[in-house]
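As structure tokens, the structure follows; a few thoughts come after it.
The values are calculated or read from the model by the stated rules, or taken from the named source; none is laboratory data. Keep in mind that this is a model prediction, so the values were computed, not measured. Here the Cβ is made from the backbone with ideal geometry for all residues, glycine too, and neighbour counts use every protein chain on show.
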Amino acid sequence: MAEERLQRRTQFTASAESQKPRLKKGCPAPEFPILEKQNWLIHLHYIRKDYEACKAVIKEQLQETQGLCEYAIYVQALIFRLEGNIQESLELFQTCAVLSPQCADNLKQVARSLFLLGKHKAATEVYNEAAKLNQKDWEICHNLGVCYIYLKQFTKAQDQLHNALQLNKHDLTYIMLGKIHLLEGDLDKAIEIYKKAVEFSPENTELLTTLGLLYLQLGIYQKAFEHLGNALTYDPTNYKAILAAGSMMQTHGDFDVALTKYRVVACAVPESPPLWNNIGMCFFGKKKYVAAISCLKRANYLAPFDWKILYNLGLVHLTMQQYASAFHFLSAAINFQPKMGELYMLLAVALTNLEDTENAKRAYAEAVRLDKCNPLVNLNYAVLLYNQGEKQGALAQYQEMEKKVNLLKDSSSLEFDSEMVEMAQKLGAALQVGEALVWTKPGKDPKSKHRTTSTSKAASFQQPLGSNQALGQAMSSAAAHRKLPSVGAGGTSQPTKPPPLPLEPEPAVEASPAEAPSQIREK
């Protein structure tokens, strides 16, 4: 019985083997083309950043597959982008999108290449197509928001960034959302966003530094020190935080300590324009004018289109009574910041000392037109008109100054510079209008620098008002805490804020016409 079973099993095996196709000896088995067989090797070379070997394998793979290997094309496009060949990478990513039209990643890369080429509108269209394929991808929403920022469609940008945060929270999304509010000039909302970001990522030094700078800009020094200190705790070499801390010390007149901080920053970023600008104004505060000009010239070389540096150069040259040089730098600053009345006032001072009275009057008229809140513009203009014998015009400017002073006194408890008060009283006596203003004498001399401009210590109304020497003394202390009021872009009076470092990107909001010199000098 057992023998019979074994015989049947043997017969079955033999019949099964007879049905198999037999290969000739020495003839290899046929190989079918596998499009993705070397993907592992391409990936290995790519993550090792061995791009030359990777491109060689990609070339071989594409030749074997007649250009149909999607992964090889995709990686080659990534390498082209890393090498700066954005247009070539775009074409390859578009090829990937054709080979696999339902893949959202291919469309994301196409949109990314369009974004890098500056074609933001086209990028948004592709991102929207990718979003239809994958509605839960936070990266698509985030990148759409960034594209809308460049297109200045801030409402759509905020919607997309909020969608990205709902899908997945990331530091970069918070940063971009905060920048939208900064571009819109809404510091309070920007601070709220950055506070949420710090709660989500408490060790992110960029978030802590930015939040500290915003508090610094609002004059909330305690919170500014707190967040900047936290940033330096996590990263003692964070040059932005060090520069901001030095700026705060400089604002309060502690120039030596500020210079010590700046030495640390100079080791990290020796080519920083804000650094050399602030160093120059520290020397200006110490009355070392030649050193100040040297540092400011270096800052101007590094950032030739920064109007704040040009403003400071004009200010220092005015102090040194080098009026032609001051005119040069102030004119350049006006070209970049044509809506700041204070620049026109300083330009008028330089023109007055260059004995170009007509153009000085035009500059003062423009300053008065642009600056609706700073009484010093009207005071200086009144002094010039009085010295030219135009008492009616001087009286009109004096009365306008009185209105501004009363308005500022009603809306805030700010003090006024003692030299400004003295000059206004003398001018009032000369114009025979009496001393109607009730001035608040400051407890300490805030040294308004250029603000008294052509004002000085005239003995009586029969003598010309203003002297160059008084001008130099008035402008001799940079970055001192100013008591003069300023009016923000919103039209409400507010105390002067210490100068913040420039945020990236800077808010596209016009500077306040009566912004303090210390604000302008310390970026």
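Can you go through Ile79, Ile58 and tell me which one is among the aliphatic types (A, V, I, L, M), modelled with pLDDT of 90 or more and either loosely packed, with under 14 Cβ neighbours inside 10 Å or under 43 Å from the mean Cα position of the chain (by Cα) (or both)? Walk me through how you get there before you give the answer.
On the way: Ile58 fails: modelled with pLDDT of 90 or more.
Matching residue, one of Ile79, Ile58: Ile79.
Among the residues of segment 348-366, those that are without any contact (Cβ under 8 Å) to a residue 24 or more places away in the chain and buried (at least 23 other Cβ atoms within 10 Å of the Cβ) comprise Ala363, Tyr364.
Taking the criterion of being within 29 Å of Glu184 (Cβ to Cβ) and among the hydroxyl-bearing types (Ser, Thr, Tyr), would at least one residue in segment 65-76 satisfy it?
Start the filter on segment 65-76 by keeping residues that are within 29 Å of Glu184 (Cβ to Cβ), which leaves none.
The answer is no, given that none of the residues of segment 65-76 is within 29 Å of Glu184 (Cβ to Cβ) and among the hydroxyl-bearing types (Ser, Thr, Tyr).
Filtering segment 100-111 to residues that are within 22 Å of Gln66 (Cβ to Cβ) and buried (at least 16 other Cβ atoms within 10 Å of the Cβ) leaves Cys103, Asn106. Selection of segment 198-212 for residues being surrounded by fewer than 23 Cβ atoms within 10 Å (Cβ to Cβ) and part of a helix (DSSP H, G or I) yields Val198, Glu199, Phe200, Thr205, Glu206.
In segment 61-70, the residue that is nearest to the chain's Cα centre (by Cα) out of those that are within 12 Å of Lys37 (Cα to Cα) and among the hydrophobic types (A, V, I, L, M, F, W, C) is Cys69. Mind checking whether some residue in segment 100-119 is assigned to a helix (DSSP H, G or I), over 22 Å from Leu133 (Cα atoms) and free of Cβ contacts under 8 Å to residues at least 24 places away in the same chain? The answer is no; no qualifying residue exists. Residue-level analysis places Leu68 among those that are part of a loop (DSSP other than H, G, I, E, B) and farther than 21 Å from Tyr127 by Cβ. Counting only helices (runs of 4 or more DSSP H) that sit completely within segment 266-348, those holding 2 or more residues that are over 19 Å from the mean Cα position of the chain (by Cα) and of a type in the set (Gly, Ala, Ser) correspond to 273-285, 289-302, 323-336.
Of the residues making up segment 289-296, none is buried (at least 21 other Cβ atoms within 10 Å of the Cβ) and closer than 19 Å to Thr210 by Cβ.
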